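So the structure is just underneath, and the comments pick up after that.
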Amino acid sequence: MKRAVVVFSGGQDSTTCLIQALQQYDEVHCVTFDYGQRHRAEIEVAQELSEALGAKAHKVLDVTLLNELAISSLTRDNIPVPAYDPNHKNALPSTFVPGRNILFLTLAAIYAYQVEAEAVITGVCETDFSGYPDCRDEFVKALNQAVVLGIARDIRFETPLMWLNKAETWALADYYQQLDRVRQDTLTCYNGIKGDGCGECAACNLRANGLTQYRANQAEVMAALKQKAGLA
């Protein structure tokens with residue numbers, strides 16, 4: 001039996017990964033992390049979506065110790081979430097949570113070890129990422145190698161969205177006939193607003209622009225997705 005663990009936040013990217021994983025694996029487990037994030041509604045959204053989509057199990061892990069160490073606008077209510085700024089591309093944004101994906105992927109691998117899963121799936125993306133170093137392909141591969149050495153089991157870290165832009169990520173949801181669910185039922189917004197979100201933060205801007213681009217060039221984007229992802 002093929003098993004996978006999806007690092008699941010209930011956002012657009014991880015939900016799209018879950019939708020695809022359910023088509024590719026016999027059994028899919030979701031793991032969501034409670035790290036004291038300011039938009040805690042994402043945990044409830046993740047629970048609702050994992051059940052609705054048919055995941056085998058959904059585990060919520062308490063890692064609020066990260067909140068004590070990682071200072072970010074996503075872990076501190078007194079640090080405002082920045083509005084989208086197209087000219088602010090070099091410095092790390094205040095929404096970066098240092099060490100988050102190091103911790104999440106490591107713990108997800110331990111969970112995968114226990115449930116005998118062969119893969120840990122994460123929705124990180126280098127093409128449209130927000131400048132986060134822990135979303136880069138180089139980082140994921142390096143950590144994967146270290147984890148395999150540390151647990152002596154060949155658990156793969158899979159990143160289906162790594163080289164997709166946001167329009168292609170929307171196309172992937174549409175390929176599995178789940179675009180409306182991803183749009184309406186996920187929570188990507190840094191201000192914790194479900195669906196289309198606040199429309200002002202960087203996450204909402206990226207998500208909205210991707211949907212606009214997909215709708216404007218649907219056939220072209222779908223063709224590019226199929227080529228990149230090896231879909232029929």
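Annotation: Gly195 fulfils all but one of (1) in a helix (DSSP H, G or I); (2) without any contact (Cβ under 8 Å) to a residue 24 or more places away in the chain; the unmet one is (1).
Just to check your reading of the model, which residue among Thr169, Thr212, Thr188, Thr159 is touching a Cys at 6+ places or on another chain (Cβ under 8 Å), without any contact (Cβ under 8 Å) to a residue 60 or more places away in the chain and polar (S, T, N, Q)?
Values: Thr169 fails: without any contact (Cβ under 8 Å) to a residue 60 or more places away in the chain; Thr212 fails: touching a Cys at 6+ places or on another chain (Cβ under 8 Å); Thr188 fails: without any contact (Cβ under 8 Å) to a residue 60 or more places away in the chain.
After ruling out the rest, the residue left standing is Thr159.
Residue pairs whose Cβ atoms lie under 7 Å apart, separated by 6 or more positions or on different chains, with the first residue in the stretch 1-30 and open to solvent by 10 Å² or more (accessible area, probe 1.4 Å) and assigned to a loop (DSSP other than H, G, I, E, B) and the second of a type in the set (Phe, Trp, Tyr) and at pLDDT 95 or above, are Lys2/Tyr25. Filtering the stretch 94-153 down to residues that are among the basic types (Lys, Arg) and assigned to a helix (DSSP H, G or I), which residue is least open to solvent (accessible area, probe 1.4 Å)? So, considering only residues that are among the basic types (Lys, Arg) and assigned to a helix (DSSP H, G or I), the one least open to solvent (accessible area, probe 1.4 Å) is Arg100. Scan the stretch 172-193 residue by residue and report those that are modelled with pLDDT of 95 or more, within 15 Å of the chain's Cα centre (by Cα) and not β-branched (Val, Ile, Thr). Within the stretch 172-193, Leu172, Ala173, Arg183, Asp185, Leu187 meet the criteria.
Here is a check on your reading of the model: is Gly54 touching a residue at least 60 places away in the same chain (Cβ under 8 Å) and at positive phi? Reasoning before the result, please.
Details: touching a residue at least 60 places away in the same chain (Cβ under 8 Å): no; at positive phi: yes.
It is false that Gly54 is touching a residue at least 60 places away in the same chain (Cβ under 8 Å) and at positive phi.
Of the residues making up the stretch 215-232, those that are open to solvent by less than 40 Å² (accessible area, probe 1.4 Å) and either within 30 Å of Gln37 (Cα to Cα) or under 19 Å from the mean Cα position of the chain (by Cα) (or both) number 1.
Residues of the stretch 39-54 that are within 22 Å of Ala203 (Cα to Cα) and open to solvent by 80 Å² or more (accessible area, probe 1.4 Å): Arg40, Glu44, Gln47, Glu48. If you go through the stretch 173-192 and keep only what is open to solvent by 60 Å² or more (accessible area, probe 1.4 Å) and assigned to a loop (DSSP other than H, G, I, E, B), you end up with Gln177, Asn191. Only a single item in (1) closer than 26 Å to Val5 by Cα; (2) assigned to a loop (DSSP other than H, G, I, E, B) is not met by Glu168, and it is number (2).
The values are calculated or read from the model by the stated rules, or taken from the named source; none is laboratory data. Being a predicted model, the structure only gives us computed values, none of them experimental. Counting neighbours? That spans all protein chains shown, and the Cβs are built from the backbone with ideal geometry, glycine included. Just so you know, the surface numbers come from the protein's heavy atoms only, side chains and all, with ligands and any DNA or RNA stripped out. Shrake-Rupley method; radii C 1.70, N 1.55, O 1.52, S 1.80 Å.
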